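In what follows, a structure is listed as structure tokens, so that the remarks can point back to it.
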Amino acid sequence: MKTEFVKFSVADGIEKYTDAANLLKDNMVVGMPTETVYGLAGNAYSDEAVKRIFEAKGRPQDNPLIVHISEFSEIYELVSEVPEKAKKLADAFWPGPLTIILPKSDKVPLLVTAGLDTVAVRCPSHPIARNLIKASGVPLAAPSANLSGKPSPTKAEHVFDDLKGRIPYIIDGGECDEGVESTVVTLATPVPKLLRPGNVTLSELKKVLGEIVVDDAVLNPLKKGEKVSSPGMKYKHYSPVAEIVLVRGDYRDFVKYVNGYKGEKVYAMIFDNEGENLDVPYIKYGIDNYKNLSHALFDSLRELDKIGAEICFVRYPDENNDDNLAVLNRLLRAAGFKVIDV
Ligand code: TXA
Ligand code: MG
């Protein structure tokens, strides 16, 4: 299949969206930018489109998709009831990087929710994503537009690298602002629960909800046989080909450890203001502050593969800073929970 790669700007009028919207109406899939990461979008009401999404990504069938809407009011078609807490969350964070899970309506196909009786809904803030939803006239199911298991795409080129020849159309809307996927919160439990941290932080959620618990799987590996709240947590994730090892400690001890490591194609991922005395090549991934770290995280992980790194030692973000939860969660998964204390 030929993959069209088309540059869009937020200033483009609705006629620019005709080709992509027509593909979506034909139950084809389209790569689209959002403020978090690129998504692989298809008509959420069409089993044919949803099957294509799973196939193109090579995604396990038991991992449900997020349904994207362009206005809050569109949620009423997707869920069986909109509780007060959902309205409060939407008021505070929509449009934006928050996904809310609620009991699904009959209209949502079970293929989208992987057989669950709940559905994940998000209203993205990216103007191109919202225009595309409007132009297609339906809610769009969209997982991150990477091959299953790879780091999520934060540039259109990442989508092209992973999915060329497998999907007909990619919208290039430039680099994503946030760089990590949305925060996922379920309201389908007696107490709201954080299933996946993102750049809507735990403390921000607490301010709006009062009470919220954090799913064990956010920072811990699953125990054998443990039931997951969010199927996505089961899988090895965000993994470049290079082996990722997190190194916890201060910069001087990091340098000592990495310089003393004997191996081929050894790289380091460090913070912006560092690099002194380090004997191996490195990539800088931001200052130790959440927005900055998340913005370039996945691009840095993909870069490691391009340069042919075999192993990469990564500086451990400050775990006492709640704002770092999203980056820490992704890094721990990329590293298969391998952490070395120095
Ligand atoms: O920022 C984002 O959320 C991006 C952009 C494209 O919007 N999308 C994204 O989708 O990250 P995906 O499919 O890569 O991740 C969705 C996560 C998975 O971990 C999945 O298991 C979980 O949300 N999820 C979806 N529906 C769920 C449900 N009904 N119950 C529990 N978890 C659910
Ligand atoms: Mg994903």
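Quick look at the numbers
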quantity: Members of the stretch 333-342 found to be in contact with a Pro (Cβ under 8 Å, 6 or more places away or on another chain) and either part of a helix (DSSP H, G or I) or at pLDDT 95 or above (or both), listed by number; calculated: ALA334
quantity: Pairs, first at negative phi and among the aliphatic types (A, V, I, L, M) in the stretch 31-51, second surrounded by fewer than 20 Cβ atoms within 10 Å (Cβ to Cβ) and assigned to a loop (DSSP other than H, G, I, E, B), C-beta under 6 Å, six or more apart; calculated: ALA49/ASN27
quantity: Looking only at the stretch 103-128, and only at residues there that are over 20 Å from LEU195 (Cα atoms) and surrounded by fewer than 20 Cβ atoms within 10 Å (Cβ to Cβ), the one that is nearest to the chain's Cα centre (by Cα); calculated: SER125
quantity: Selection within the stretch 293-325 - hydroxyl-bearing (Ser, Thr, Tyr) and in a loop (DSSP other than H, G, I, E, B); calculated: TYR316
quantity: Residues (surrounded by 24 or more Cβ atoms within 10 Å (Cβ to Cβ), modelled with pLDDT of 95 or more and either within 12 Å of ligand 1 (Cβ to nearest atom) or among the basic types (Lys, Arg) (or both)) located in the stretch 144-172; calculated: SER144, ALA145, ASN146, SER152, PRO153, THR154, VAL159
quantity: Flag for GLY275 being at pLDDT below 95 and surrounded by fewer than 18 Cβ atoms within 10 Å (Cβ to Cβ); calculated: no
quantity: Every residue from the stretch 256-273 that is more than 27 Å from the chain's Cα centre (by Cα), assigned to a loop (DSSP other than H, G, I, E, B) and not basic (Lys, Arg); calculated: TYR261, GLY263, GLU264
quantity: Qualifying residue in the stretch 254-265 (condition: closer than 17 Å to PRO151 by Cα and away from ligand 1 (no atom under 16 Å from the Cβ)); calculated: no
quantity: Residue ranges of strands (runs of 3 or more DSSP E) in the stretch 175-255 with at least 3 members over 14 Å from the mean Cα position of the chain (by Cα) and away from ligand 2 (no atom under 16 Å from the Cβ); calculated: 243-248
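So that you can scan it fast, the table gives a plain yes or no per residue for (1) of a type outside the set (A, V, I, L, M, F, W, C); (2) at pLDDT 95 or above:
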| site | (1), (2) |
| --- | --- |
| VAL185 | no, yes |
| LEU209 | no, yes |
| VAL213 | no, yes |
| VAL218 | no, no |
| GLY225 | yes, no |
| PRO231 | yes, no |
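The values are calculated or read from the model by the stated rules, or taken from the named source; none is laboratory data. Source: prediction; values computed, not measured. Every residue, glycine among them, receives a Cβ derived from its backbone with ideal geometry; neighbour counts consider all protein chains shown.
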